[in-house]
Every structure is written in C-alpha cells, then in structure tokens.
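Q: Provided herewith is a single structure, encoded as structure tokens, for subsequent inquiry.
The values are calculated or read from the model by the stated rules, or taken from the named source; none is laboratory data. What you see is a predicted model; the values in this text were computed from it and never measured. Virtual Cβ from ideal backbone geometry, glycine too; neighbours counted across all protein chains shown. Accessible surface is based on the protein model in full, side chains and every heavy atom, while ligands, DNA and RNA are left aside. Shrake-Rupley method; radii C 1.70, N 1.55, O 1.52, S 1.80 Å.
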Amino acid sequence: MKVLQAAAEAVPLVKTGGLADVVGALPDALTRAGVASRLLLPGFAAVRAALKGPREVAKLPCPWGASAPSLVAGRLIPFGEAPAYVVVAPDLYERPGGPYADPTGAAWPDNHRRFAPLAWAARALARGADARWRPDVVHAHDWHAGLVPAALAHAGLPAASVMTVHNLAYQGLFPAQTFLDLDLPASAWGIEGLEFWGQVSFMKAGLAHAQAISTVSPRYAQEVQQAALGCGLDGVLRAHPGGVTGILNGVDYGVWHPSIDPHVPQRFDASDLRGKAVCKAQLQRECGLRSDGQAMLMAVVSRLTSQKGLDLLLQVLPQALAGGAQLVVLGQGDADLEAGFAAAVRAYPGRVALLRAHDEALAHQIFAAADVVLVPSRFEPCGLTQLYAMAYGALPLVHHVGGLADTVVDATLEALEDEQATGFAFHRFDAQAFEAALRRAQLLWTRPAQWAQVQQRAMAQRFDWDRAARAYVALYGQAIARRQALATLA
Ligand code: ADP
Ligand code: GLC
C-alpha cells in the first residue's frame, strides 16, 4: 500500500502547532507498520531549502493566470532518504510571515490559492505523473488539504482518500467567487459538495468526499458529531457512511524524552529526578522567577487563542498562585491574552513570567522544569502538551474534554487509591471548577511522597506512535474498500 500524506506543516521544517508534530512523526511510524508513505508539502522557504535532488514531475494548473506552480519530487534533508513531494510556487509560499498569516498575524487573503495546489498535486500523482510512484491512498490533514478528497473524487481516480480533522474550528472558509480559482468542476459546488452557507469550505470538501474520516482522539470523534463542538459540520460528520474514527496521537519519544533531550540543561529520567531540579532552578533564574525549589512551578506552552481557555487562568490567577506557586507562560497570539499575562508579570514580580515567543528549545526546557502544565482548553482535539508534560515528570492539569479527557486521569481520592491518577482535571468550564482542580494540585504538592507516585505513573505512560500507525493502516484499508465499492457502483 502506498500512501501520500498531504499537509501544510511537518516538524522540523514548518510548525505552528501539534499538526506539525503529527505529520513529522507519522511517516516513520507507518514505515514500521509496513506501509510506505510520502509527504506532500507546500514549498515554504524552509521546505525548499531542505529539498535535495529536485525533479519536476508535473506542472499544476493556475486558473488565475499567474505563474503555474510545479510539483517537484526530491528528498527533504531532515527525513533522510525518503522521497517527498513539494509544490514549488515562490510567489505563493516564499513570503515573510507565517504559513497562514502575514507578519501582523492577518490571514493571507489568497490562502485558497495557496493551499488548493496540494489537491492538484495529489490528483496529478494519483493520475500517474510520477512514473516511479503512484499513491493508493491520499491522507489529507486539516483544511489545508481539504480539497484533496474532492479533487480525486471529481477526477474519477481510483486512489482512496482519508481526511483527518486535527481541528474542526479552522475550516478554510472563503468567499464563493474563489471557487473559480480551485480548478474543480461546477458539480463540486453545492450542499453535497464544498459549499457551506454560501461560502467555499475546504474542510467540508474533505469531509464530503473522503472515503474515511478520522480525528485525533476518540472523545473528539464523538464531540464533533454533536452541535456544541461540531462547528456547523456535525451533520456532515454524522452522515458519513464510515463514521468518524478517533485515533489518538502519539508522542515521538525520540524527540520528547528528558533522558535524551539535547535542549535541556541536564537530562534525567524517572529513576533519577535530580536533573529535573537543575532544569527548574535554571529556568527560574533565566526568566526572573524567584529561585525556590519548593515553589510549585506551573507552566503554559501554548498558542494564545480562545481555544486554549487561558482567559480562565487569568481569572483565577490569585488562587492559582496560592501557597507560593509560580507560573511561566510561553506563547504568543491574541492581544488581550498577551496583555493579561503581561499585567500578571507586573502584579506578581518574581512569581509570573511571560515569554512571548515561539521557541522550540524553550518549550522543551519548560516541560523539563515544570511541576504542573496547565491546559484548560475550551475544546481540545487531542493536545500534545499534556503528553509531553507527563513524559517530563510534570503533572498536567486539564479541562476534561477531547483528547485531554482521553489521556489524563484526575487525582481524585479514588484514583489515588486505585493507583490510576496521572494529573488533574476539571469538568465544568468555569472558574470554580478550575480553582478546585488547582487546589487539588496544591494539596498534593504538599505531600511529596504521594506527588512522586503520581509523577512516576505519569512518566511511565506511553502514547506510542506504533499503535496509532496500526490504526491508520486499518483505516486506509477501509477507505480502499469503500473506494472500490463506489467504483463498482459507478
Ligand atoms: P495545538 O496544535 O492546538 O497548538 P497541541 O498541544 O497539539 O496544540 O500542540 C502544540 C505544539 O506546539 C506542541 O508541540 C507545543 O510544544 C508547541 N508549542 C505551542 N506553543 C509554543 C511556543 N510558544 N513555542 C514553542 N512551541 C510551542
Ligand atoms: C490541532 C489540535 C490539537 C492536536 C493537534 C495535532 O492543532 O488543536 O489538539 O493535538 O492538532 O493533532
């Protein structure tokens, strides 16, 4: 089985969030599960710089009449010898700013033109543009690759498609007239297709045409089929004949483990946590927090957006800092959240630190230093930071939702007694419930022996990619079977 992975991000080349961690780790795990897969990425500057031995395999369309993107095969340095595909279009991808937004944070107005070529590239490969390799399945990740299943279906190609929803809240919505730029037949427009309340929806295009749909945790797979978290697409999801499969993300322990991490000042593992104390002391020094090994150090490593529920943290800050606790926040994003945490730094000198940056090394150092990692998200498809926290001996404190609910066991008295607890969780999304969970964390912190037991259990958890890869292989099989069944009907 040959699988093409179409996505906008992949570590270590392009990353704005967990999508990149997943797309970077999945191909290796699939190889171990016996499936050869290749990446297809937009040619952002970092991707082009990493591209070796480029060989053009197709010219892609350009309905708006500028220079046509080209589909290039080659190797991407961080991925070794594995062949990959890149859409090369300097005027679309090689710009200052991020993958989706300009340097001021505003979405690029031509994002539909910037991501539609992923679909044309997949279509060209499924047609046999590269005589050396033709995919049996195209696995599309998030809205950026949402047109892929639509393009394959409308071209009547035999390749099956799988759509993975990493975050349904980002849908790739564009004005209706952008449809003319997408190189799809008129029949693709409409309520059964990619039209969503008069707009073009890349996400809906994927959901409506893929032979299989998955999302990144079992609980989120249920949640997106209900109105509250379905973002207007719960009906489309419920109607899919294959249902919505939840496949929990894994952790790449080759990157995220304190015993081998090149970014942390001193490595450690569960059998000897002295290095963790060194990491904590150094981080406290470096970000202006009081040097105090006894203070419970809480951390946030996150995009600062409303999804992440950090406004609730600002509300409960006095209670959160009770008992001498400290807080370090690494993140950037919404101006009101940045301003809120900046004000907290002024209000609590030496107790709160804000690092307004996207900094991979710092993220590793913070997980290594922290005692508690806060993830009070309103919704969370999977969430990776609570998993990294556990690996580094920091206890996650989470809102019991989505992947957070699937991965963290709250330290209730029962869970402590039954030796199940791995962190802290609150159920209702409100200040009172959050405060109660914070208080449980603070009380456990005053009982070092019990804390250590929960910490050891958290560090022993394994969220491995091999399990997830096997589940994806099974899903690819189902998608192929459904594609073949459709072909016999046609
Ligand atoms: P999401 O994808 O919704 O942002 P995840 O928890 O799945 O949430 O993944 C977030 C990823 O981004 C993790 O790898 C985390 O370490 C990283 N991250 C988030 N904010 C920052 C930051 N400011 N600097 C460095 N890494 C960050
Ligand atoms: C999205 C989600 C996050 C998930 C990540 C990787 O960005 O917000 O919960 O972990 O994708 O699947």
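Q: It is to be established whether one or more residues within region 174-195 are more than 16 Å from ligand 2 (Cβ to nearest atom) and within 20 Å of the chain's Cα centre (by Cα).
A: Scanning region 174-195 turns up no residue that is more than 16 Å from ligand 2 (Cβ to nearest atom) and within 20 Å of the chain's Cα centre (by Cα).
Q: May I ask you to verify whether D418 is more than 10 Å from ligand 1 (Cβ to nearest atom), in contact (Cβ under 8 Å) with a residue 40 or more places away in the chain and surrounded by fewer than 24 Cβ atoms within 10 Å (Cβ to Cβ)? Show your work before the answer.
A: Values: more than 10 Å from ligand 1 (Cβ to nearest atom): yes; in contact (Cβ under 8 Å) with a residue 40 or more places away in the chain: no; surrounded by fewer than 24 Cβ atoms within 10 Å (Cβ to Cβ): yes.
Against the criterion (more than 10 Å from ligand 1 (Cβ to nearest atom), in contact (Cβ under 8 Å) with a residue 40 or more places away in the chain and surrounded by fewer than 24 Cβ atoms within 10 Å (Cβ to Cβ)), D418 does not qualify.
Q: Another one. Being open to solvent by less than 20 Å² (accessible area, probe 1.4 Å), closer than 17 Å to V3 by Cα and aliphatic (A, V, I, L, M) is the filter here; which residues of region 15-64 pass it?
A: V22, V23, A25, L26, A29, L30, V35, L39, L40, L41
Q: So C279 fits all but one of (1) of a type in the set (A, V, I, L, M, F, W, C); (2) in a loop (DSSP other than H, G, I, E, B); (3) within 18 Å of A389 (Cβ to Cβ); what number is the exception?
A: (2)
Q: Given the criterion open to solvent by 30 Å² or more (accessible area, probe 1.4 Å), assigned by TED's automatic domain parsing to the domain that holds E286, of a type in the set (A, V, I, L, M) and at pLDDT 95 or above, identify the matching residue among V352, V373, V409, V398. Don't jump to the end; show me each part of the working.
A: Numbers: V352 fails: open to solvent by 30 Å² or more (accessible area, probe 1.4 Å); V373 fails: open to solvent by 30 Å² or more (accessible area, probe 1.4 Å); V398 fails: open to solvent by 30 Å² or more (accessible area, probe 1.4 Å).
None of the others qualify; the one that does is V409.
Q: For L118, which of the numbered conditions (1) open to solvent by 20 Å² or more (accessible area, probe 1.4 Å); (2) under 22 Å from the mean Cα position of the chain (by Cα); (3) closer than 19 Å to G74 by Cα fails to hold?
A: Among (1) open to solvent by 20 Å² or more (accessible area, probe 1.4 Å); (2) under 22 Å from the mean Cα position of the chain (by Cα); (3) closer than 19 Å to G74 by Cα, the lone unmet condition for L118 is (1).
Q: Name every residue in region 361-395 that is away from ligand 2 (no atom under 16 Å from the Cβ) and closer than 12 Å to F424 by Cβ, in order of residue number. Spell out how you get there, then give the answer.
A: Our first condition is that a residue be away from ligand 2 (no atom under 16 Å from the Cβ); within region 361-395, this holds for 361-362, 364-366, 368-372, 392-395.
Result: D371, V372, A394, L395.
Q: For region 69-84, check the following and say yes or no: at least one residue is β-branched (V, I, T), assigned by TED's automatic domain parsing to the domain that holds K15 and under 23 Å from F174 (Cα atoms). Please lay out each step first, then the result.
A: We begin by selecting, within region 69-84, every residue β-branched (V, I, T); these are 72, 77.
Those left that are additionally assigned by TED's automatic domain parsing to the domain that holds K15: 72, 77.
Right, trim to under 23 Å from F174 (Cα atoms) and you get none.
No, because not a single residue in region 69-84 is β-branched (V, I, T), assigned by TED's automatic domain parsing to the domain that holds K15 and under 23 Å from F174 (Cα atoms).
Q: Then there's this: Mind telling me which of the residues A186, A176 ends up being open to solvent by 10 Å² or more (accessible area, probe 1.4 Å) and without any contact (Cβ under 8 Å) to a residue 24 or more places away in the chain? Walk me through how you get there before you give the answer.
A: Numbers: A176 fails: without any contact (Cβ under 8 Å) to a residue 24 or more places away in the chain.
Selected residue: A186, the only one of A186, A176 that is open to solvent by 10 Å² or more (accessible area, probe 1.4 Å) and without any contact (Cβ under 8 Å) to a residue 24 or more places away in the chain.
Q: Let me ask another. Identify all residues within region 65-90 that are β-branched (V, I, T) and surrounded by fewer than 16 Cβ atoms within 10 Å (Cβ to Cβ); write none if there are none. Talk me through it step by step, then tell me what you get.
A: Initially, region 65-90 is screened for residues β-branched (V, I, T), giving 72, 77, 86-88.
Once the filter is applied, which keeps residues that are β-branched (V, I, T) and surrounded by fewer than 16 Cβ atoms within 10 Å (Cβ to Cβ), region 65-90 yields only I77.
Q: So, restricting to helices (runs of 4 or more DSSP H) that lie completely within region 283-396, which ones have at least 1 residues that are within 16 Å of ligand 1 (Cβ to nearest atom)?
A: Counting at least 1 such residues, we get 310-315, 335-347, 360-369, 385-391.
Q: Determine whether A469 is open to solvent by less than 10 Å² (accessible area, probe 1.4 Å), more than 16 Å from ligand 2 (Cβ to nearest atom) and within 23 Å of Y253 (Cβ to Cβ). I'd like the intermediate steps shown before the answer.
A: Values: open to solvent by less than 10 Å² (accessible area, probe 1.4 Å): yes; more than 16 Å from ligand 2 (Cβ to nearest atom): no; within 23 Å of Y253 (Cβ to Cβ): yes.
No: the conditions fail for A469.
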